[in-house]
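Presented below is the structure to which this report refers.
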Amino acid sequence: NFGSVSTMSSKNQKKKETGLSISYKKNENFSEWYSQVIVASELIDYYDVSGCYILRPMAYNIWEKIQEFLDQKIKESGVKNAYFPMFVSRGALEKEKEHVEGFAPEVAWVTRNGSSELQEPVAIRPTSETIIYPAYARWVRGHRDLPIRLNQWTNVVRWEFKHPTPFIRTREFLWQEGHSAFATKEEAEKEVVEILDYYARVYEELLAVPVIKGRKSEKEKFAGGMYTTTVEAFVPTNGRAIQGATSHCLGQNFSRMFNISYETESGERKLVWQNSWGLTTRTIGVMIMVHGDDKGLVLPPRVAPTQAVIIYIYTSKTPAEDVQRLREKAAELRDTLAAAGVRVELDTRENYNPGWKYNYWEQKGVPLRIELGPKDLEKEQVVFARRDDASPSGKMTVKWSEVAARAPEMLETIQAALLEKARKERDAHIRYVNTWEEFMSTLDGNMVLAPWCERIECEEEVKKRTSPDATEKKVVAGEAPALSGSAKTLCLPFNQEELPEDCKCFCCGQKATAFALWGRSY
Ligand code: 87F
């Protein structure tokens with residue numbers, strides 16, 4: 001589904017037919033570029049249920065890397081994994097009215113088996129509070145049963161009606177959801193920020209995507225909880241912010257509804273303090289959008305299924321014994337690199353020329369290409385070509401004897417360079433404003449920090465005044481409607497400057513209580 005073909009040049013059309021190259025430019029048609037990249041790189045294939053996509057091995061492997069990192073972190077902190085059923089009874093789902101109310105249209109129900117109607121339809125989990133908390137109520141008796149700290153890695157289903165985008169907004173997605181119950185508020189709050197920090201590290205240390213940590217406004221928080229913390233990322237190409245993951249302090253709202261309480265030593269019953277937190281396969285979409293380029297995917301080395309590819313080069317004039325030596329040396333280098341812990345592949349296909357292979361692996365985002373040609377045989381060297389830097393300075397020669405030491409170094413250099421570049425670009429799109437006029441003239445393409453009163457009515461006013469109707473913005477054909485939405489608060493950043501004295505809200509003029517980060521978002 002690449003949209004209108006007539007806008008492509010015949011050269012691009014040819015490339016598309018051979019599956020060799022990305023014909024859309026990231027800067028010119030971002031949404032078509034994205035669709036093309038995820039398919040050409042073999043991350044995603046389409047499926048005949050709207051909003052659902054196949055995660056091919058490349059995508060699933062990246063998810064496994066994220067899982068490995070986060071799973072280890074949360075286990076070290078004492079959280080255990082479990083698995084709860086995917087079906088929710090109507091009674092359980094509707095127990096906590098406030099929480100499900102706004103979400104009800106997104107809940108998918110199983111109403112039939114074969115041709116018979118179920119006596120009592122069951123819902124497919126959109127999130128598992130109503131599945132897990134009845135069990136917590138049974139499991140908690142005394143204070144010795146606390147804390148309970150469980151996580152599960154699952155799929156969830158939310159029957160969204162907004163325009164779907166692979167990884168970013170899908171009707172089924174993969175995530176982890178953590179649910180803890182403590183005797184004290186302090187413990188629950190401490191874990192909320194501890195987990196948020198792991199989420200920030202997934203983005204920054206694995207995906208090389210900078211994020212801003214903060215608290216959601218009253219309007220944007222999870223309605224069932226007390227407060228929501230979030231990591232927010234930014235896609236410079238279209239100026240959209242995107243929520244990266246959330247960690248909620250639930251207070252005692254759910255323990256009250258589900259009667260999760262314990263007896264204290266003095267014999268009183270007290271409600272537990274809870275939190276919940278989730279990170280999804282959206283992470284992968286954000287990474288693609290931030291790092292990808294006109295040649296295709298650009299993968300940060302720490303999550304790249306293949307970190308380095310070796311390509312040997314020869315022509316019809318290369319003597320047969322040299323070709324043989326190239327093959328042998330390339331295989332030897334592959335083994336050396338694999339032994340050094342590099343996820344390496346050797347492209348031995350003889351029916352494709354080197355140019356085609358370069359293109360192929362670039363499209364797949366492999367961070368490091370190692371070239372070995374006839375001239376390199378005498379000099380006992382290879383050429384390193386960085387995926388993130390196509391300039392001549394992105395190429396360098398490396399002695400065979402040093403390849404095993406230099407390749408891991410280079411991968412770490414690339415990892416750091418990707419984060420640095422993304423951070424510079426993101427930072428260039430963060431703007432401070434003080435007035436409504438400044439806000440409106442800055443909003444397009446940027447995230448805006450503005451002194452704010454934190455009132456829900458004020459945020460609603462901003463939403464109205466920045467809606468496509470109010471701003472006479474046209475919905476761009478072929479572009480997701482999400483790309484033309486109103487401005488909202490992304491978060492109140494934890495890390496923020498002190499407000500000047502007597503500072504007024506940029507929108508309503510009432511007393512400002514904090515800087516809020518605003519943007520148009522996914
Ligand atoms: C859709 C349908 C029904 C989001 C929904 O963020 C219910 C919900 O409760 C719903 N979409 N939510 C909020 C989920 C809150 C929370 N759950 C645990 C998380 C992280 C993991």
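The values are calculated or read from the model by the stated rules, or taken from the named source; none is laboratory data. All values derive from a computational prediction rather than experimental measurement. As a convention, Cβ positions derive from the backbone with ideal geometry for all residues, glycine included, and neighbour counts pool all protein chains shown. Surface accessibility is based on the protein's heavy atoms, side chains included, excluding ligands, DNA and RNA. Shrake-Rupley method; radii C 1.70, N 1.55, O 1.52, S 1.80 Å.
Observations on the model:
- Near pairs, Cβ below 6 angstrom, 6+ apart or cross-chain, from the range 233-248 (touching a residue at least 24 places away in the same chain (Cβ under 8 Å) and open to solvent by less than 20 Å² (accessible area, probe 1.4 Å)) to any residue that is within 12 Å of the ligand (Cβ to nearest atom) and outside any strand (DSSP E or B): ALA245/TYR199; SER247/VAL192; SER247/ILE195; SER247/LEU196
- Single unsatisfied condition, ALA330 versus (1) over 30 Å from LYS185 (Cα atoms); (2) over 35 Å from the mean Cα position of the chain (by Cα); (3) open to solvent by 10 Å² or more (accessible area, probe 1.4 Å): (3)
- Meets criteria (open to solvent by less than 40 Å² (accessible area, probe 1.4 Å), hydrophobic (A, V, I, L, M, F, W, C) and closer than 26 Å to PRO305 by Cβ) for LEU418: yes
- Residues in the range 212-242 that are within 16 Å of the ligand (Cβ to nearest atom) and either in a loop (DSSP other than H, G, I, E, B) or more than 15 Å from PHE494 (Cα to Cα) (or both): LYS216, SER217, GLU218, LYS219, GLU220, LYS221, PHE222, ALA223, GLY224, GLY225, MET226, ILE242.
- Scanning the range 151-168 for residues that are touching a Gly at 6+ places or on another chain (Cβ under 7 Å) and within 30 Å of PHE182 (Cα to Cα) turns up just one, ASN151.
- Flag if LYS190 is open to solvent by 20 Å² or more (accessible area, probe 1.4 Å), modelled with pLDDT under 95 and either part of a strand (DSSP E or B) or at negative phi (or both): no
- For the range 137-169, a residue qualifies if it is within 13 Å of the ligand (Cβ to nearest atom) and farther than 27 Å from GLU76 by Cβ, and the qualifying residues are VAL157, ARG158, TRP159, GLU160, PHE161, LYS162, ARG169.
- Residue in the range 113-126 that is surrounded by 15 or more Cβ atoms within 10 Å (Cβ to Cβ) and under 21 Å from LEU250 (Cα atoms) present: yes
- Strands (runs of 3 or more DSSP E) (entirely within the range 243-317) containing at least 3 residues that are within 16 Å of the ligand (Cβ to nearest atom) and aromatic (Phe, Trp, Tyr): none
- Count - residues of the range 356-384 that are at positive phi and open to solvent by less than 30 Å² (accessible area, probe 1.4 Å): 1
- The residue of the range 197-211 that is farthest from the ligand (Cβ to nearest atom), among those that are open to solvent by less than 10 Å² (accessible area, probe 1.4 Å) and in a loop (DSSP other than H, G, I, E, B), is ALA208.
- Filter result (of a type in the set (S, T, N, Q) and closer than 23 Å to GLY239 by Cα) within the range 497-522: SER521
- Hey, PRO134 open to solvent by 20 Å² or more (accessible area, probe 1.4 Å) and within 11 Å of the ligand (Cβ to nearest atom) or not: no
- Of the criteria (1) open to solvent by less than 40 Å² (accessible area, probe 1.4 Å); (2) at pLDDT below 95; (3) basic (Lys, Arg), which one ARG169 fails: (2)
- Look at (1) within 17 Å of LYS219 (Cβ to Cβ); (2) modelled with pLDDT under 85 and you find that LYS474 fails only one, number (1).
- Verdict on PRO105 being open to solvent by 70 Å² or more (accessible area, probe 1.4 Å) and near the ligand (Cβ under 9 Å from one of its atoms): yes
- Among the candidates VAL462, VAL448, the residue that is touching a Cys at 6+ places or on another chain (Cβ under 8 Å), surrounded by 12 or more Cβ atoms within 10 Å (Cβ to Cβ) and under 30 Å from SER31 (Cβ atoms) is uniquely VAL462.
- For the range 63-95, a residue qualifies if it is surrounded by 11 or more Cβ atoms within 10 Å (Cβ to Cβ), farther than 22 Å from TRP175 by Cα and either in contact (Cβ under 8 Å) with a residue 40 or more places away in the chain or more than 14 Å from the ligand (Cβ to nearest atom) (or both), and exactly one does: LYS95.
- Listed by first and then second residue, the pairs with beta-carbon distance under 6 Å, at least 6 apart or on different chains, first residue in the range 26-38 and open to solvent by less than 10 Å² (accessible area, probe 1.4 Å), second at pLDDT 95 or above, are TRP33/TYR24; TRP33/LYS26; GLN36/TYR24; VAL37/GLY292; VAL37/GLY296; VAL37/LEU297; ILE38/ILE44; ILE38/PRO166.
- Pairs with Cβ under 6 Å, 6+ apart, first in the range 262-279 and in contact (Cβ under 8 Å) with a residue 40 or more places away in the chain and open to solvent by less than 20 Å² (accessible area, probe 1.4 Å), second assigned to a loop (DSSP other than H, G, I, E, B) and within 16 Å of the ligand (Cβ to nearest atom): VAL272/ILE260
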